[in-house]
Amino acid sequence: RTQAEMAHTCRGTINLSTAHIDTEDSCNIVLSNGGRTYHLKANSEVERQRWVTALELAKAKAIRMRNNQSDDSGDEEPASQSDKSELHGTLKTLSSKLEDLSTCNDLIAKHGAALQRSLSELENLKLPAESGEKIKAVNERATLFRITSNAMINACRDFLDLAETHSRKWQRALQYEREQRIRLEETIEQLAKQHNSLERACRGAPGLSASSTGIASTAKGSVQSAKGEASDEDEETEYFDAMEDAPAFITVTADPKHHRRSGSNVSGASEGHPEDWNLEDSVFESSNQSSYNESTCKDLLPKKRRRTRIPDKPNYSLNLWSIMKNCIGKELSKIPMPVNFNEPLSMLQRLTEDLEYHELLDKAVKCESSTEQMCFVAAFSVSSYSTTVHRTAKPFNPLLGETYELDRLEEFGFRSLCEQVSHHPPAAAHHVYSRRGWTLWQEITIASKFRGKYLSIMPLGAIHLEFHSSGNHYVWRKVTSTVHNIIVGKLWIDQVGGRGCEVTAPWLGCGDATRAVSFCQVTGVVSDADGRAHYVMSGTWDEKMEYSKIVHSSHGGTSTEGKQKTVYQTLAPKVLWRKYPLPENAENMYFFSDLALTLNEPEERVAPTDSRLRPDQRLMESGRWDEANVEKQRLEEKQRAVRRRREAEAVEALEEGKDYEGYVPLWFERKADAVTGELICVYKGGYWEAKEKQDWSTCPDIF
């Protein structure tokens, strides 16, 4: 299938060009791709091998088709005017060669007939018997030649007819696509100009100020407006639990002194005990404390002094439209981007940045109740989005085999390792071990689309968290992030999606990050295994999360959709998590948090594949963007050469009937997950031992 056809396949389709093909035993085959896994069983080992061979051949063909169709950044040279001229020149040459073939076809038929006539005339002449025998033998050979030539002529004629038919079809299709692209470019450019004019008109309107615009509207209206922006998303994207109205429940704060238990509780809610809800409990932070950062900083002071700033971001101008107009409809990983659109961190470092609020998991370990523990886990899952409010720049795409370690075992009790385990689709495996009682692991595949006005980033894959003492295992998935106003206007981000643990958490779109009021709302109810509600969670993904203990619940009125709402009486809320303030001068340092500023700090003894050693990223951080762009192109060309060599080896192995294993991650191995059933990369060990010995002999040369 072509890429256009793949974009409209039915549910359950697996793209073979990016699929992993594995065998479990003598009869079973495992196909996996981006979180979807199929287990196939053959009748015998011979039949299984035939299927595996057929699938591998189809995968190699799909890869060749994809490479022929793509003009991406990460793997192929960007399309230019010279490429277009070369394409037209190639088509012209092919047409010329077809005409030559047609002429040769006619000449062969003409000369073959003349040769046959001449031989027939010689055979009829009165010659000695010996000469007659030789002429007869030559005539027989000429007859065989004529039969063979006629077969070739017929095949050439069929090929010419087919080539001419398809050539006209391709020319029409190419012309249609060219006209469609020109119309789309003109339309988007016109929309961009209109948008710019409207912004200027709005800023100049009387009675309105930039600081107050939109704040007077109700929360409901603002949320609906943000949802309207998100509705332009790719029609293929699925969203779960996206809400158009307020949550399906109402919370009322109860006075614990006057609270009395009654028999009118809803069967699905717990009966809370207010006497065990202490707002000054050290495990949970009270909402009236000064700040989360101040209350916990005494326990989190690092033993090693780390950097608190990086060089200021240079103010380079760039024609955004000249780059973006050629990228509409493509995946983000396939767009040729200069470092001007990047931040000096790789995607592996951004993934590690999710651990900024790791102390939430340290506190969750101490929870006696699994429902309390779930509140901390849910708050941790929300906290990872707090750094994205102003972070509209693109992280560097990791090279295949690139790694990143964050060893904070002595300071905070955990150590983290990431590895880029696949390039198309881009996938990273992550493993974190904490000696304070928890382990986290994940494999994330990034799917992204640029749609002209906005950019959608869709992480695929599950995040796993397990607590050592209790064995509690939590699984959740990341939501879709959308960057708006790519062409004109103020860039802003919203998060739209789903469901985490047992907490139903609708993620409503956040408005412009410069607004005085934030609408990045997250709400949910934490229930036990029997469905009884214990806690109500509320907050915003860009500021804080609170939770309240439910003491009573009852049925309330109906919503505008006719659904009956549940009324929860709760005790005063406690703050689970509050975002750390950004460091001074953050606006000139890519809006990095305190942790982000340290992620690319040079460290000794790391692996030679570590992101800190990536030269283009280091040059960009130093403000030498022109040199960084040159270095980025060198690294990408080096990666292309390795990929082409690997594909040639795969084709050669298939032609010889041998198995080709392909790229194998160094520190992770692919296994079937016991909880989700998906085939994911999990840490197999060996990295920290290699670091201790400083034995990096198995690391590939990627920089």
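The values are calculated or read from the model by the stated rules, or taken from the named source; none is laboratory data. As the structure is a prediction and not an experimental result, all values here were calculated from the model. Glycine also receives a Cβ, built like all others from the backbone with ideal geometry; neighbour counts cover every protein chain displayed. These area figures cover heavy atoms from the full protein model, side chains too; ligands, DNA and RNA do not enter into them. Shrake-Rupley method; radii C 1.70, N 1.55, O 1.52, S 1.80 Å.
Computed values, structure above
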item: Residue 676 within 26 Å of residue 62 (Cβ to Cβ) and among the hydroxyl-bearing types (Ser, Thr, Tyr); result: yes
item: Scope the range 632-681; condition under 25 Å from residue 48 (Cβ atoms) and assigned to a strand (DSSP E or B); matching residues; result: 669, 670, 671, 672, 679, 680, 681
item: Residue, nearest to residue 104 (Cα to Cα), within the range 135-151, restricted to residues that are surrounded by 12 or more Cβ atoms within 10 Å (Cβ to Cβ) and not small (Gly, Ala, Ser); result: 150
item: From 662, 623, 657, residue being on the phi > 0 side of the Ramachandran plot and at pLDDT 90 or above; result: 623
item: Members of the range 35-57 found to be touching a residue at least 24 places away in the same chain (Cβ under 8 Å) and open to solvent by 40 Å² or more (accessible area, probe 1.4 Å), listed by number; result: 36, 38, 53, 56, 57
item: Extreme residue, least open to solvent (accessible area, probe 1.4 Å), among residues of the range 635-671 that are touching a helix residue (DSSP H, G or I) at 6+ places or on another chain (Cβ under 8 Å) and of a type in the set (D, E, K, R); result: 647
item: The range 683-698, residues that are touching a residue at least 24 places away in the same chain (Cβ under 8 Å) and either open to solvent by 80 Å² or more (accessible area, probe 1.4 Å) or under 14 Å from residue 403 (Cα atoms) (or both); result: 683, 687, 688, 690, 691, 696, 698
item: Filter result for residue 355 (aliphatic (A, V, I, L, M), under 30 Å from residue 639 (Cα atoms) and open to solvent by 20 Å² or more (accessible area, probe 1.4 Å)); result: no
